[in-house]
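Since every read-out is calculated from the coordinates, none of them should be taken as a lab result. These numbers were taken from a predicted model, which means no experiment stands behind them. Cβ coordinates were reconstructed from backbone atoms using ideal geometry, including for glycine residues, and neighbour counts include every protein chain displayed.
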Amino acid sequence: MSKLIESAWNSYQRQVLPTSAGDIQRTETRLAFYAGAAALFGGLANGVGDEDEPTADDLAMMDGIKAELDEWREEAKRRAARASR
């Protein structure tokens, strides 16, 4: 079975963490990454209804998550652009 979060962490680590990052920075960043994944999973697991089909509330929650991640992605792009100057 594929480990989705581990795969995402490995990608994040390669693309975001500087090669000069020390063990403590890598460990703490990994902890924060997994904490974010756990928080998202908990929100999804507790927020989605038991119905067979998604409800309006389920869809609104997913839209909210997408919007928040889209905002974060744009901020990350801006930071990366500034850092590469």
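Here are the numbers:
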{"quantity": "Unmet requirement for PHE33, which otherwise passes all of (1) loosely packed, with under 10 Cβ neighbours inside 10 Å; (2) in contact with a Phe, Trp or Tyr (Cβ under 7 Å, 6 or more places away or on another chain)", "calculated": "(1)"}
{"quantity": "Residues of the stretch 1-46 satisfying the condition of being in contact (Cβ under 8 Å) with a residue 12 or more places away in the chain, of a type in the set (Phe, Trp, Tyr) and within 21 Å of ALA67 (Cβ to Cβ)", "calculated": "TYR12, PHE33"}
{"quantity": "Test: ALA21 is assigned to a loop (DSSP other than H, G, I, E, B), surrounded by 12 or more Cβ atoms within 10 Å (Cβ to Cβ) and not basic (Lys, Arg)", "calculated": "yes"}
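Here's the yes/no breakdown for (1) part of a helix (DSSP H, G or I); (2) more than 18 Å from SER7 (Cα to Cα); (3) small (Gly, Ala, Ser):
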residue	(1), (2), (3)
ARG26	yes, no, no
ALA32	yes, no, yes
GLU68	yes, yes, no
ARG82	yes, yes, no
